[in-house]
Amino acid sequence: MTGIRLRHLVFTGPNTQPAELKFDDGLNIIYGASNTGKSFTAKAILFMLGVSKSLPETEEIASYDAAWLGLTLPDSRDVTLYRATRGGHFRLYEGLIKSAGTADGETLRQQHDSKRTDTVSHLLLDAMGLAGKQIVRDGNGAKDTLSIYLLSPYAVVSEQDIIAERSPIFASGTPSKRTFEQNLFKLLITGIDDSAAVTVPKSSERKVAKAAKLELVDEMIAQLDAELGEDPPKEKETEEQLDRLDRSAEGLFARLQSAQKELDSLVSERRSSTDRLRELQERAGELDLTLQRFAKLRAVYSSDLQRLQSIEEGGYVLVAMAGMDCPVCGAPPETQKHNHAAEEIAMAHKAAAAEARKIELEQRELAQTMTSLEAEAVDLRGTISQLKAEIKELETKIEEARPREASLRENYETYVSERVEITKVLGLYQRRAKLVARRAEIDAEPTKREDDAPPVGPDSTTLFKFAETVKAVLTAWHFPNADKVQFDGNANDITIAGKSRAANGKGVRAILHAAFNVAVIVYCIENKLPHPGFLVLDTPLLTYREPMTSRHGELSQDEAALKATSLAEHFYEHLASLKSEVQFIVIENSDPPAAIRDLARIETFTGLEGNGRFGLLARSI
């Protein structure tokens with residue numbers, strides 16, 4: 001095995017469940033929703049490699065105090081790098097460790113030092129076969145010793161870098177570092193460093209430094225001139241235009257605030273009235289329902305009174321007949337049996353009369369209650385009617401206020417937009433004036449260059465061979481016009497049919513940047529050269545984004561054409577085919593094609609509570 005393999009990334013903390021991310025040989029894919037820690041994963045890997053001094057400050061990381069990165073070195077030795085999440089030095093443990101207290105470790109310094117071996121940078125570069133390599137950083141032959149920080153763009157490619165218009169070689173984006181970055185690229189694809197290069201005397205160094213400064217300033221002035229355009233307005237005219245614009249818009253913001261406040265007040269008042277109307281309507285509904293129930297109860301009372309009155313009247317008749325001859329057989333009272341019946345009838349007659357009086361009392365109370373509720377219902381209906389009228393009047397006022405507020409807002413937005421453009425032009429003039437003054441200062445320096453600068457970067461033959469590897473990678477990915485791929489030695493970047501990589505949309509630039517990085521590793525493998533052994537790519541398939549939800553917006557024409565191809569599937573298949581030689585960790589927003597799911601270890605961050613894994617770290621509660 002060549003290079004290093006990542007095995008796990010674990011975050012631990014007191015009273016917090018460990019957050020673990022495992023990696024397999026070959027292809028690993030991390031994809032899912034935004035703001036779930038995908039890009040944080042790439043930054044955390046850089047942090048654990050000693051490239052960065054701190055982790056991004058997020059709410060989630062606050063719960064964790066330690067991070068653990070498991071590695072397998074080329075000699076099949078498993079080790080783990082431990083580091084506090086707040087930064088600082090490292091501790092190296094033997095084996096794949098995920099928690100404290102399991103073994104004694106060796107302290108490694110975070111800062112690279114070419115004179116020390118007890119640094120995390122030396123550990124990693126030594127495992128890759130790149131420790132101690134020296135690279136010329138400028139035209140004078142001054143050298144820097146390679147560190148993991150300087151090598152990191154070939155191991156971890158961020159989302160910002162992968163879509164950048166600048167060449168993948170110029171990862172820093174700093175013109176003064178271009179010589180170093182071209183020579184670093186040369187080291188990787190030739191295996192030869194600059195330790196044999198001779199440093200020119202300091203007198204010429206000053207000359208070269210002057211030329212570099214002038215070149216940088218000239219580039220910046222040219223860039224400002226390009227931003228100003230071919231026929232920009234005069235600076236004085238622009239200042240006058242800004243003054244006129246500010247005077248014409250005087251008081252506009254105050255009027256907009258007043259209109260917005262008035263509209264907000266009307267909307268708030270309507271909301272309150274609407275809420276009150278709903279409450280009254282609910283109360284009116286409750287009253288109607290109560291009155292309906294009371295009406296039924298009144299009917300029951302009437303029915304019970306009629307029944308009791310019948311009992312009372314029958315009992316009266318029966319009591320009156322007591323002591324009389326039987327109306328059926330004519331028997332005299334003294335010969336009749338069950339004399340107690342008259343007493344029972346009298347008692348029933350008395351009870352019925354008492355119950356009837358009780359019901360009559362309750363009936364009167366019910367009538368009073370119903371009268372009170374009906375009066376309340378009448379008042380409610382009146383209030384509801386009044387509220388409806390008020391709401392209608394408020395809606396009329398709102399409809400009248402909206403156009404005025406919208407007009408003022410539109411005018412204010414137009415003013416702000418125009419002011420931004422004008423102040424941008426003035427800012428460009430001011431920056432240009434400072435650069436012109438600075439250029440005059442540099443040009444006045446008396447030093448002269450005594451000799452030609454040494455060659456920078458790989459020779460043309462090596463660049464041609466590398467371009468063939470890039471072409472082979474893109475062909476394997478089924479990239480359109482892959483047979484027309486070249487590597488422009490002057491621009492130090494990929495061209496497709498003569499079109500520079502920078503001239504394409506973000507998604508196309510991303511896939512071509514990824515092709516460059518993969519080609520570097522493939523070229524190293526084919527030529528048995530040292531390489532990191534792993535490659536982290538953040539959003540290489542950006543062209544497959546959803547324009548409606550992505551912060552990168554609509555697809556350009558070339559991105560749309562690329563999205564319509566099956567490149568994504570072939571991209572993953574090709575990376576998976578290199579499993580025995582290199583480990584890939586691809587971070588994406590879009591779902592990987594179904595056809596490649598068996599070829600990779602896939603980790604999904606759903607961004608949804610209770611639906612799989614939410615993200616890299618546990619959410620703060």
(message) Step by step: first the residues of the range 438-448, then only those that are surrounded by 12 or more Cβ atoms within 10 Å (Cβ to Cβ) and part of a helix (DSSP H, G or I), then the one that is modelled with the lowest pLDDT. Which residue is that?
(response) Ile442
(request) Go through Ala377, Ala406 for me and flag whichever is part of a helix (DSSP H, G or I) and touching a helix residue (DSSP H, G or I) at 6+ places or on another chain (Cβ under 8 Å). (result) Ala377
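One line per residue, one yes/no per condition, for (1) touching a residue at least 60 places away in the same chain (Cβ under 8 Å); (2) of a type outside the set (Gly, Ala, Ser):
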position: Ser172; (1), (2): no, no
position: Leu184; (1), (2): no, yes
position: Ile192; (1), (2): no, yes
position: Val208; (1), (2): yes, yes
position: Asp218; (1), (2): yes, yes
position: Glu227; (1), (2): yes, yes
position: Pro233; (1), (2): yes, yes
position: Asp246; (1), (2): yes, yes
position: Glu250; (1), (2): no, yes
(message) Checking the structure you have, find out if any residue of the range 495-504 is surrounded by fewer than 21 Cβ atoms within 10 Å (Cβ to Cβ) and assigned to a helix (DSSP H, G or I).
(response) yes
(message) With touching a residue at least 24 places away in the same chain (Cβ under 8 Å) and in contact with a strand residue (DSSP E or B) (Cβ under 8 Å, 6 or more places away or on another chain) as the only criterion, which of Ala491, Ala472, Ala510 stands out?
(response) Ala491
(message) Quick check on Ala62: is it in a strand (DSSP E or B), small (Gly, Ala, Ser) and either more than 25 Å from Leu130 (Cα to Cα) or out of contact with any strand residue (DSSP E or B) (no Cβ under 7 Å at 6 or more places or on another chain) (or both)?
(response) no
(message) One residue is enough: does the range 73-80 have a residue meeting the conditions out of contact with any helix residue (DSSP H, G or I) (no Cβ under 9 Å at 6 or more places or on another chain) and either among the hydroxyl-bearing types (Ser, Thr, Tyr) or crowded, with 16+ Cβ neighbours inside 10 Å (or both)?
(response) yes
(request) Say whether the condition of being modelled with pLDDT under 95, in the same structural domain as Ser460 (by TED's automatic domain parsing), surrounded by 20 or more Cβ atoms within 10 Å (Cβ to Cβ) and over 29 Å from Ile587 (Cβ atoms) is met by at least one residue in the range 154-176. (result) no
(request) Name, by its number, the condition in (1) at pLDDT below 90; (2) crowded, with 22+ Cβ neighbours inside 10 Å that does not hold for Ala491. (result) (2)
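Does the range 54-76 contain any residue that is farther than 28 Å from His531 by Cβ, touching an Asp or Glu at 6+ places or on another chain (Cβ under 9 Å) and free of Cβ contacts under 8 Å to residues at least 40 places away in the same chain?
For the range 54-76, residues farther than 28 Å from His531 by Cβ, touching an Asp or Glu at 6+ places or on another chain (Cβ under 9 Å) and free of Cβ contacts under 8 Å to residues at least 40 places away in the same chain: absent.
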(message) Show the residue pairs meeting these rules: Cβ distance below 8 Å; 6+ apart or different chains; first residue within the range 112-140 and over 19 Å from Met48 (Cα atoms); second residue among the aromatic types (Phe, Trp, Tyr) and part of a helix (DSSP H, G or I).
(response) Ile135/Phe180; Val136/Phe180; Arg137/Phe180; Asp138/Phe180
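Table: residues versus (1) assigned by TED's automatic domain parsing to the domain that holds Ile162; (2) closer than 30 Å to Thr145 by Cα; (3) among the aromatic types (Phe, Trp, Tyr); (4) not in a loop (DSSP other than H, G, I, E, B).
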| residue | (1), (2), (3), (4) |
| --- | --- |
| Gln17 | yes, no, no, yes |
| Asp24 | yes, no, no, no |
| Ser39 | yes, yes, no, yes |
| Lys43 | yes, yes, no, yes |
| Ser54 | yes, yes, no, no |
| Glu57 | yes, no, no, no |
| Asp75 | yes, yes, no, no |
| Arg86 | yes, yes, no, no |
| Tyr93 | yes, yes, yes, yes |
(request) Tell me, yes or no, whether the range 139-153 has at least one residue that is within 21 Å of Val522 (Cα to Cα), modelled with pLDDT under 95 and touching a Lys or Arg at 6+ places or on another chain (Cβ under 7 Å). (result) no
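Please find, among Leu130, Leu108, the residue that is hydrophobic (A, V, I, L, M, F, W, C) and under 21 Å from Ile192 (Cβ atoms). Let's see the steps before the verdict.
Working: Leu108 fails: under 21 Å from Ile192 (Cβ atoms).
Checking each option against the conditions leaves just Leu130.
Quick grid of which residues meet (1) exposed (fewer than 15 other Cβ atoms within 10 Å of the Cβ); (2) modelled with pLDDT of 95 or more:
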residue: Leu542; (1), (2): no, no
residue: Pro547; (1), (2): yes, no
residue: His552; (1), (2): no, no
residue: Ser556; (1), (2): no, no
residue: Leu562; (1), (2): no, no
residue: Leu567; (1), (2): no, no
residue: Glu573; (1), (2): no, yes
residue: Leu578; (1), (2): no, yes
residue: Gln583; (1), (2): no, yes
(request) Please indicate, with yes or no, whether at least one residue in the range 411-423 is assigned by TED's automatic domain parsing to the domain that holds Leu277, assigned to a helix (DSSP H, G or I), closer than 30 Å to Arg270 by Cα and touching a residue at least 12 places away in the same chain (Cβ under 8 Å). (result) yes
(request) Go through Leu280, Leu289 for me and flag whichever is free of Cβ contacts under 8 Å to residues at least 12 places away in the same chain, closer than 18 Å to Ala375 by Cα and assigned by TED's automatic domain parsing to the domain that holds Thr414. (result) Leu289
(message) Can you say whether Asp246 is more than 21 Å from Pro403 (Cβ to Cβ), of a type in the set (Asp, Glu) and part of a helix (DSSP H, G or I), as far as the supplied structure shows?
(response) yes
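Given the condition without any contact (Cβ under 8 Å) to a residue 12 or more places away in the chain and at negative phi, answer yes or no: does some residue in the range 153-170 qualify?
Checked the range 153-170: at least one residue is without any contact (Cβ under 8 Å) to a residue 12 or more places away in the chain and at negative phi.
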(request) Quick one: in the range 352-405, of everything that is touching a residue at least 40 places away in the same chain (Cβ under 8 Å) and either outside the structural domain of Leu297 (by TED's automatic domain parsing) or among the polar types (S, T, N, Q) (or both), which residue is nearest to Leu289 (Cα to Cα)? (result) Thr369
(request) Specify the residue that is modelled with the lowest pLDDT; the eligible residues are those in the range 184-218 that are small (Gly, Ala, Ser) and not in a helix (DSSP H, G or I). (result) Ala197
(message) Condition first: surrounded by 15 or more Cβ atoms within 10 Å (Cβ to Cβ) and more than 30 Å from Gly251 (Cα to Cα). Now tell me which residues in the range 391-437 satisfy that.
(response) Ile391, Arg431, Arg432, Leu435
(request) For the range 81-94, state whether one or more residues are in contact with a Ser or Thr (Cβ under 6 Å, 6 or more places away or on another chain), surrounded by 15 or more Cβ atoms within 10 Å (Cβ to Cβ) and in contact (Cβ under 8 Å) with a residue 24 or more places away in the chain. (result) no
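The values are calculated or read from the model by the stated rules, or taken from the named source; none is laboratory data. The model shown is predicted, which means the values in this text are computed figures rather than measured ones. Virtual Cβ from ideal backbone geometry, glycine too; neighbours counted across all protein chains shown.
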